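Data first, discussion second: the structure below is written as structure tokens.
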Amino acid sequence: MADHSQQLKEQVLQARNAGHKLNIVGGGTKAFVGRAADPDAGTLSLAEHRGIVDYHPVELVLTVRAGTTLTEIEATLAEEGQILHFEPPHFGDGSTIGGTLACNLSGPGRPWAGSVRDQILGVRLINGKGEHLRFGGQVMKNVAGYDVSRLQAGAMGTLGVMTEISLKVMPRPAATLTLVQDMAMDDVIHYMNSRAAEPKPITAACWHDDKVYLRLSGARSAVEATAEKWTGEVMENGDPFWRQVQDMQHDFFTGGDPLWRFSIGSTAANPVLDGAWLIDWAGSQRWYRGKADTKQMEALAKAAGGQVSLFRGGDRAGEVMHHQPDALKGIQRRVKNSFDPDGIFNPGRLYSWL
Amino acid sequence: MTTKPKVSKAELAEQFRAFIDPDYVITDDETMKPYECDGMSMYCEMPLLVVLPETVEQVQRVMRICNENAVPVVARGAGTGLSAGAMPNKEGVVLSLAKFNRIIHIDPLARSARLQPGVRNLAISEEAAQYGLYYGPDPSSQIACTIGGNVAENSGGVHCLKYGLTVHNILSVEMVTAEGDVVTIGSDGLDSCGMDLLALLTGSEGLLGVVTEVQVKLLPKPEVARVVMAGFDSVQKGGDAVGGIISHGIIPGGLEMMDGHAIIAADDFAQAGYPRDAKALLLCEVDGTEEEVLEHIAEAEEVFRKLGATSVRTSRSEEERALLWKGRKSAFPAVGRISPDYYCMDGTIPRREIANVLTQMEQMSEQFGLRVANVFHAGDGNLHPLILFDANVPGEFERTEAFGSSILELCVKVGGCITGEHGVGVEKVRQMAVQFNDEELQQFHDVKAAFDPAGILNPGKGVPALRFCQEYRSLEHKQHKHDHTEAAHG
């Protein structure tokens, strides 16, 4: 529960002077995400750099050290009736806020509540020159300077060591209820999107195994009135289902087959591939378990207006992210270089070429 | 950053006229005059020339020519910006996107719209209304400002606390780089692989690229919206009520506050029936389903009464709601009536500091001998102090600027920032040195160079050259006792 930023800065400077590389590790629960870590790089651990720096429930703003666990954050917020609106996946007790932001991971409510990136207000970051920098802030609106804070989302630690994160938190909804009904995959895309286009308190929409699940949250009166109006059975206790989807503990996610994530247009027809599917985010996120060819999947994802990535399993030595066009490769290389000119942080973790 | 341009005005115009309708390559002073400033008319500069391409390919060719010849490029939408971000460069080209004004496609089921950058903000919601949808961010200038400019500034509006800023409401942009390449950033999906370049571009004030297409998210129009108006006899109580409503668990669609000066000016102008003796007025809009709004309205009224409201009134009809908003929406022109000129500031502070900052601002108002009226997005802590002055009185604008600087520095000191939604542009480039240290500013310059190695895109805006920062900070130290840099970084 202490501030280790000075030691972290020194470790970065030592690595820089010695020409070493560093793998940044928080709780170590997301080692399976991204490409395999460089075995020749040293470890920069943030597990001890933890603790809540500042929390004002009235401001809806929380500032924490990057190594703080999601469990600790959520327990603190719960005392004030508040939540992390983006429902971060926990891949174990050690999952940290820093890792969650670096991997840009959000739960079932993401299309409505926003992603982890959407809630970020500011970060402190040690760049590859060993400079400890502060970007953004603790206020809702801040357009001074480039949005370096949100740039970190999905960068997988390749731009620097995040030490402190400020983010927006929200009140826990007064009531939550889940509706479930049978539906074939062919019908569900249109159904989920139609429901999402209604001005009702929908906060999650998921399909698996010929069943569609819609979650309603908000004022009790609104949730109950909507449940009455819409079709579907009220689930006796829907929360565990959403928790399993959020943490990838649902049966769909178990087993050894590679897990692919399609992030595509919510209304796009489902890609035709042999294997199993779980559709989340009202169609914007589709999980696929199967052994289809990468090139074929990339073509299908592109046709569906989005991208595909290898989330878990499979070949972690090859590229796991969707192929980037040359102009974007160039920009990302130069952005990386602007933060980490010696290529110290998480080499090859995001792309083989970064 | 930029070196001296390698071509003359005549040569440049000739090159552009080879592929752009010659009528839209403007070189004469009279026709260029309207481009000399944006909404921040105190800052003016005539450009070398103005060009209005109509295809992406033409934009690419303009960029390639300018990049090869080190000619600065200032992209421009409707020119409604309030920080001189679109002020021309005297050796550069103004690249107007005015001809890119088409709504390309609205997809009602996917709740998204593809737009050319010159589409007006309000036009999106007007077109989407037939599907029961609308576009969330609604800056005050929404009748005129364009979506391209909104992306450049990360524009907000009155509904940000609940519905977010531009960055939360876009899916993808197509952009022409400084070197003339076309890239698409983002996708139809919600998250893309890798570092979040879409967030980096949003709010980058035309320094990283020229946006040529934007895909936005659309939201279902709430079934109902109602406004609770509450008057308070002190700014302290008004400020506390802002926190009170939020900590009660209600996230209002809009939560606006006016101080005593603004209440009177706005009520004189709009006859909205505001409590004229109040020192602070809150407008709290609650939107959602019928049931939800009824439930939240009752709670909001109770919270305000408990926190000492001297008057509480809730709209009973759409007409009444519109009337209550009319005062707020016309507050700027209303203040314009009570003063020859006004200067609109844009800082953000933690909500708990509202009363403190307003009180200190009153004291500064006396020190500087200038009146100040406050109209602001209280839910976000985004202040818009309007400093009243007369540009015809020698020295008064300079005094106004000094007052404005002091307000922004106070914002940083209490944990806020120098701009919530208007951008840095030219206007606040000096104050960047108060919010950021040299290493941070250098990091911004390095990010800029990653996109624009030759430094041709909107040079001199957004991020100050480091040598000016030392001067500004040392000047400030002499003028004021407190150390702003420590306040920002301590």
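All of the numbers you see were taken from the coordinates with simple rules; none came from a lab. What you are looking at is a predicted structure, and each value in this text was computed from that prediction instead of being measured. Methodologically, a virtual Cβ is constructed for each residue, glycine included, from the backbone with ideal geometry; neighbour enumeration extends over all protein chains shown.
Between 0 and 90 degrees, rounded to the nearest ten: what's the tilt of helix B:260-270 against the longest Cα principal axis of chain B? Value to nearest ten degrees: 80. Ordering B:Met258, A:Phe253, B:Ala13 by Cα displacement along the dipole of the protein assembly as shown toward the positive end leaves B:Ala13 in first place; charges were set at the Cβ atoms of Lys, Arg (+1) and Asp, Glu (-1). Could you give the longest part of chain A that holds none of the GluC sites (Glu not before Pro) found in DSSP loops with at most 14 neighbouring Cβ atoms within 10 Å? The answer is A:80-235.
Tell me which aspartates and glutamates have Cα within less than 12 Å of B:Lys306's Cα, excluding those fewer than 8 residues away on the same chain? Reachable aspartates and glutamates: B:Asp240.
Efficiency by 1/(1 + (r/R0)^6): what FRET value for B:Phe468 and B:Glu11, r their Cβ-Cβ distance, R0 = 30 Å, to the nearest 0.05? Provide the component values of the computation, followed by the final result.
Working: r = 32 Å, r/R0 = 1.07.
So, using R0 = 30 Å, E works out to roughly 0.40.
In plain terms, the residue of A:Tyr55, A:Tyr351 with the fewest other Cβ atoms within 10 Å comes first and the most crowded comes last, giving A:Tyr55, A:Tyr351. For a straight C-alpha distance cut-off of 18 angstrom, the aspartates and glutamates reachable from A:Lys336 (same-chain residues fewer than eight places away being disregarded) are A:Asp38, A:Glu131, A:Asp147, A:Glu319, A:Asp326, B:Asp196, B:Glu439, B:Glu440, B:Asp446, B:Asp452.
The HN-Hα couplings worked out from phi for segment A:330-344 by the Karplus form 6.51 cos²θ - 1.76 cosθ + 1.60 (θ = phi - 60°) are x, 4, 5, 4, 6, 5, 3, 4, 5, 9, 9, x, 9, x, 6 Hz, whole numbers, x standing for Gly and Pro.
Per DSSP helix of 4 or more residues, -39500 (n - 2.57); summed, then divided by the residues of the protein assembly as shown. What does that give at 222 nm, rounded to the nearest 500?
Taken over the protein assembly as shown, the calculation gives -9500 deg cm²/dmol.
A simple spin-label model places the labels of B:Ala449 and A:Ala36 3.6 nm from each other, with each point 7 Å out along Cα-to-Cβ. When each of the peptides A:299-312, A:250-263 is scored by how many other beta carbons lie within 10 Å of its residues on average, the order from highest to lowest is A:299-312, A:250-263. If you run the Gaussian network model on chain A, springs between alpha carbon atoms under 10 Å, then out of A:Leu22, A:Leu214, A:Leu60 the most flexible one is A:Leu60. Okay, which of segment B:187-209 sit inside 12 Å, backbone N to the point 7 Å along the Cα-Cβ direction of A:Ala299? Under cut-off, by backbone N: nothing. Overall, segment B:339-489 carries a charge dipole of about 100 debye about its Cα centre when +1 sits on the Cβ of Lys and Arg and -1 on the Cβ of Asp and Glu, all other atoms neutral.
Across segment A:174-191, the residues whose backbone nitrogen lies under 18 Å from the label position 7 Å along the beta-carbon direction of A:Arg243 are A:174-179. Work through the residues other than B:Leu115 whose Cβ is under 13 Å from its Cβ and net out their charges, Lys, Arg +1 and Asp, Glu -1. Residues close to B:Leu115 contribute a combined charge of -1. Placing a pseudo-label 7 Å from each Cα along the Cα-to-Cβ vector at B:Val393 and A:Arg333 gives an inter-label distance of 6.0 nm. GNM on chain A, C-alpha springs below 10 Å: top fluctuator among A:Gly51, A:Gly232, A:Gly145? Evaluated over chain A, the most mobile residue of the options is A:Gly145. Taking H placed 1.01 Å from N in the peptide plane, check which residues at least 5 places from B:Gly209 or on another chain put their amide H under 5 Å from its amide H. Counting only residues 5 or more places away or on other chains, the set is empty. Taking a ≥ b ≥ c as the square roots of the eigenvalues of the alpha carbon gyration tensor, chain A is oblate, as a/c is not under 1.5 and a/b does not beat b/c. In plain terms, the chain from A:Ile52 to A:Asp93 could stretch by 13.1 nm, reckoned as 0.36 nm per residue minus the Cα-Cα distance. Please give me the summed charge of the neighbours of A:Val245: other residues whose Cβ is under 12 Å from its Cβ, Lys and Arg +1, Asp and Glu -1. Summing Lys and Arg as +1 and Asp and Glu as -1 gives -2. Rounding to the nearest 10 and keeping the result within 0 to 90°, find how far the Cα-based axis of helix A:5-18 lies from the longest principal axis of chain A. Result, in degrees: 60. Taking the C-alpha atoms only, the angle from helix B:56-68 to the longest principal axis of chain B is near 70 degrees. Ordering B:Ser339, B:Ser192, B:Ser140 from the fewest to the most neighbouring beta carbons within 10 Å gives B:Ser339, B:Ser140, B:Ser192. Between B:Ile104 and B:Asp268, full extension at 0.36 nm per residue minus the direct alpha carbon distance yields a gain of 54.8 nm.
Taking the Cβ of B:Val182 as the centre, find all other residues whose Cβ is under 10 Å away and add up their charges (Lys, Arg: +1; Asp, Glu: -1).
Taking every Cβ under 10 Å from that of B:Val182, the sum is -4.
Note on segment B:317-469: lysine pairs with Cα distance below 25 Å, sequence gap of 8 or more or different chains, count 6.
Partner shielding of A:326-333 amounts to 5, given as the average count of beta-carbon atoms from other chains within 10 Å of each residue beta-carbon. For chain B, a simple Cβ point-charge model (Lys and Arg +1, Asp and Glu -1, everything else neutral) yields a dipole of about 420 debye relative to the Cα centre. Shape class of segment B:36-136 from the Cα gyration tensor (axes a ≥ b ≥ c, square roots of the eigenvalues): oblate, since a/c reaches 1.5 or more and a/b does not exceed b/c. For A:Lys229, the lysines whose Cα falls under 24 Å of its own Cα, not counting residues fewer than eight places away in the same chain, are A:Lys200, A:Lys211, B:Lys221.
Modelled spin labels at A:Gln7 and A:Asp315, positioned 7 Å past Cα toward Cβ, are 4.0 nm from each other. On the basis of the beta-carbon distance and an R0 of 35 Å, A:Thr43 and A:Lys211 show a calculated FRET efficiency of 0.25. In a reduced charge model with +1 at each Lys and Arg Cβ and -1 at each Asp and Glu Cβ, segment B:9-96 shows a dipole moment near 220 debye about its Cα centre.
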